[in-house]
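Visitor: First the structure, which I've put down as structure tokens, then a few questions once you've had a look.
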Amino acid sequence: EADRLGVPAENHFLTTLAHELSSPLAAVAYCAEILGRSNIAAELRVEAAKIVLEQVNFTRRLLEDLSELSVVRRGGLPFHKAPTDLAEVARLAVDSSRPLIERHGSALEIVMPPSPIRVHGDAARLVQIVTNLLTNAARYTPEGGRIRMSIKREDGHAVLKVRDNGIGIPKEMLSRVFEMFTRMEGAKQKYAGGMGLGLAFVRRMVEIHGGSVEAFSEGEGLGSEFVVRLPLSQDTRLTG
């Protein structure tokens, strides 16, 4: 049975992993064959080398995600919690995500609070949470789309929202998108790559910080919104 991260049976895991690795390996093999030709044009050589690099980076990210999630499940990932300004976390996440967002041609709107909103958390892990949500929005929003990120204080919590006008989520999938290896059929057909690990990682990281994360969508083609709620640090409650 699945554990709290939604891990499926071993054979499902191996089948999924094999499927996800087959595409980049096929692309690398094809490019290797092209690069081995003696009369290859310079432009084709450059393009083949670019594809190899992209596929190697994809595979590296995949393996890193698998490794880190494995450590999280065992409770072995180190955390260094301290009062942390969520707006600063968001700025760092935007810096990490912006290349992908721009490559997909999406417009990013950022709504920051007028004063610091601090949570008691590990800054590096919080950046990972927000980065995963932003890159997820970029990846599943068609070219020229819109992404909006906002932060506010609400009922003793810091609330971070990431909204997009992308492919949306069927209502029956809203409760499952945070399970490992969960990808909608529409996403699989339109957007290659990915094993459905990012949102599982987000949920576990948010839970470790004492918070919650929810997904909202009116349905396929109608965009999505992810809402993260984290308890305010004691310093914030005392000083405002």
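Condition check ((1) under 16 Å from residue 86 (Cα atoms); (2) modelled with pLDDT under 95; (3) under 18 Å from the mean Cα position of the chain (by Cα)) across all residues:
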position: 195; (1), (2), (3): no, yes, yes
position: 204; (1), (2), (3): no, yes, yes
position: 209; (1), (2), (3): yes, yes, yes
position: 221; (1), (2), (3): no, yes, no
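Visitor: Output the residues belonging to region 97-134 that are closer than 24 Å to residue 210 by Cβ and not aliphatic (A, V, I, L, M).
Guide: Hits for region 97-134 are 113, 115, 116, 118, 120, 121, 122, 125, 128, 131, 132.
Visitor: Quick one: in region 213-223, of everything that is out of contact with any Leu (no Cβ under 9 Å at 6 or more places or on another chain) and open to solvent by less than 50 Å² (accessible area, probe 1.4 Å), which residue is nearest to residue 137 (Cα to Cα)?
Guide: Step by step, filter region 213-223, then rank; the result is 223.
Visitor: Filter region 125-154 down to the residues that are more than 16 Å from residue 197 (Cβ to Cβ) and part of a loop (DSSP other than H, G, I, E, B), then identify the one that is nearest to the chain's Cα centre (by Cα).
Guide: Within region 125-154, the match that is nearest to the chain's Cα centre (by Cα) is 141.
Visitor: I'd like the residue in region 158-180 that is open to solvent by 20 Å² or more (accessible area, probe 1.4 Å), in a loop (DSSP other than H, G, I, E, B) and closer than 24 Å to residue 107 by Cβ and, out of all such residues, is modelled with the lowest pLDDT.
Guide: Looking at the filtered set, the residue picked out is 167.
Visitor: Then there's this: What are the residues in region 90-124 that are part of a strand (DSSP E or B) and either surrounded by 15 or more Cβ atoms within 10 Å (Cβ to Cβ) or in contact with an Asp or Glu (Cβ under 6 Å, 6 or more places away or on another chain) (or both), if any?
Guide: Within region 90-124, 108, 118, 119, 120, 121 qualify.
The values are calculated or read from the model by the stated rules, or taken from the named source; none is laboratory data. Everything numeric in this text was worked out from a predicted model, so none of it was measured. Ideal geometry is used to build each Cβ from the backbone, glycine not excepted, and the neighbour counts take in all protein chains shown. We work out accessible area using only protein heavy atoms, side chains counted, and drop any ligands, DNA or RNA first. Shrake-Rupley method; radii C 1.70, N 1.55, O 1.52, S 1.80 Å.
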